[in-house]
Amino acid sequence: MVAADDPESFFATAPPLGDADAVAARLRDFIARNSQSSADGDRRIVCVTSGGTTVPLEQRCVRYIDNFSSGHRGAASTEYFLKAGYAVIFVHRRGSCQPYCRFLPDNSFLKFFDVDAESKVQVAESHATMVMNAIGDYCKAIDGDSLLKLPFTTIFEYLQLLKIVATSISSVGPRGMFYLAAAVSDFYVPWDSMSKHKIQSAGGPLDMRLSQVPKMLSLLRNQWAPLAFCISFKLETDSDILIQKADMALNKYKMNAVVANLLATYKEEVIIVTNKERSTIRKINRDEDLEEQMIKILSHNHLKYICGNTDGCNQS
Ligand code: 9Z3
């Protein structure tokens, strides 16, 4: 019997994506349109993953295990990648934070609107500029064919999507980048050993054995998109092991960079670990996005990487 932590068995037993062919076609078109040479050279394309994956406990899912992530980092990073001229494939958890919507309040959404004397709904004066800018930036990204959004919920959907995106992006070689900010489950229940119906409580306490999710970073690096510039994230709660774990990921999966962060401080501080250096990035003032500095450094490193992998490199 093949182990559940074997990638082949994971993909063979996972419920197939309903729209895999349509997703592959959209990706092909998006990448082709963004690969046509333009005045500023061939465009760079990044796949940003964002939000947490779920692990269903039942095939007709009532209960699931979730991973911590609001999707804020992925959404903010997408905005800065777009600003830096990248085309972005935003692979995100359904319902998680979206680019240009980060500042919309999730609990007091109605505060954004006023009803005037003629009963017409309007954006409140206090938020009008912010909403207008967000709509403008979002439309520019969509109309300019710079942003493709692909949603997932479960670990099964996420890994199948990642594989399709990676094998598509491989066609642009070193111009492709992966920025894997999604919080991905380490353990799961294989589809073929999962209860079909809702697990009943009448049987007493629940004993459940979870299998390890296969490590797909090796496949991404070695098979799916061998020339892409790859950045993975490492989230820990214990500061004593963070850097050691990031170094391990860097070397084991041959990542170009690992972004290390602690649960307690991830909004204020990250450490970008590469083979050459460790750079600590801190938020200096409240209104600043940490992601702005992160994307500046990483996109610069990506340019250098492209130059090292391309003859007659014309990127500056
Ligand atoms: C991260 O570490 C992200 O920075 C956060 C962002 C999830 C903390 P938010 O979405 O949070 O802004 O609320 N992402 C990677 C987390 C992860 O699961 N990494 C795995 C690991 O650490 C490797 S894929 O082992």
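The values are calculated or read from the model by the stated rules, or taken from the named source; none is laboratory data. Only a predicted model underlies this, so the values are computations on that prediction, with no experimental measurement involved. Ideal geometry is used to build each Cβ from the backbone, glycine not excepted, and the neighbour counts take in all protein chains shown.
A few comments on the model shown:
- Neighbours by Cβ (under 7 Å, 6+ apart or cross-chain): first from the range 174-196, touching a residue at least 24 places away in the same chain (Cβ under 8 Å) and within 21 Å of ASN34 (Cα to Cα); second of a type in the set (Val, Ile, Thr) and not in a strand (DSSP E or B): PRO174/ILE306; PRO174/THR310; ARG175/ILE306; GLY176/ILE169
- Scope the range 44-84; condition more than 16 Å from the ligand (Cβ to nearest atom) and within 23 Å of SER232 (Cβ to Cβ); matching residues: ARG44, ILE45, LEU82, LYS83, ALA84
- Residue tally, condition in a loop (DSSP other than H, G, I, E, B), within 12 Å of the ligand (Cβ to nearest atom) and surrounded by fewer than 18 Cβ atoms within 10 Å (Cβ to Cβ), over the range 239-254: 0
- Within the range 221-241, residues that are under 16 Å from ALA182 (Cβ atoms) and aromatic (Phe, Trp, Tyr) have Cβ atoms under 7 Å from residues that are within 12 Å of the ligand (Cβ to nearest atom) and modelled with pLDDT under 95 in no pair, counting only partners at least 6 apart in sequence or on another chain.
- Filter pass, VAL91 being in contact with a Ser or Thr (Cβ under 6 Å, 6 or more places away or on another chain) and hydrophobic (A, V, I, L, M, F, W, C): yes
- Answer residue from the range 131-146, given it is surrounded by 14 or more Cβ atoms within 10 Å (Cβ to Cβ) and either of a type outside the set (Gly, Ala, Ser) or modelled with pLDDT under 95 (or both) and is nearest to the chain's Cα centre (by Cα) among those: TYR138
- Residue that is of a type in the set (Gly, Ala, Ser), farther than 29 Å from ARG102 by Cβ and surrounded by 12 or more Cβ atoms within 10 Å (Cβ to Cβ), where the choices are SER232, SER211, SER279: SER211
- Selected residue [more than 16 Å from the ligand (Cβ to nearest atom) and exposed (fewer than 15 other Cβ atoms within 10 Å of the Cβ)] from ASP186, ASP192: ASP192
- Here PHE109, PHE178, PHE103, PHE152 are screened, and the one residue that is closer than 22 Å to HIS72 by Cβ, within 15 Å of the ligand (Cβ to nearest atom) and exposed (fewer than 15 other Cβ atoms within 10 Å of the Cβ) is PHE103.
- Considering only residues in the range 255-281 that are in a strand (DSSP E or B) and charged (D, E, K, R), the one that is nearest to the ligand (Cβ to nearest atom) turns out to be GLU269.
- Options ALA117, ALA128, ALA134; residue that is small (Gly, Ala, Ser) and in contact with a Phe, Trp or Tyr (Cβ under 8 Å, 6 or more places away or on another chain): ALA134
- Residues (of a type in the set (D, E, K, R), surrounded by fewer than 18 Cβ atoms within 10 Å (Cβ to Cβ) and either within 12 Å of the ligand (Cβ to nearest atom) or assigned to a helix (DSSP H, G or I) (or both)) located in the range 282-316: ASP289, GLU292, LYS296, LYS304
- Boolean, GLN212 is within 16 Å of the ligand (Cβ to nearest atom) and either more than 20 Å from ILE231 (Cβ to Cβ) or free of Cβ contacts under 8 Å to residues at least 60 places away in the same chain (or both): yes
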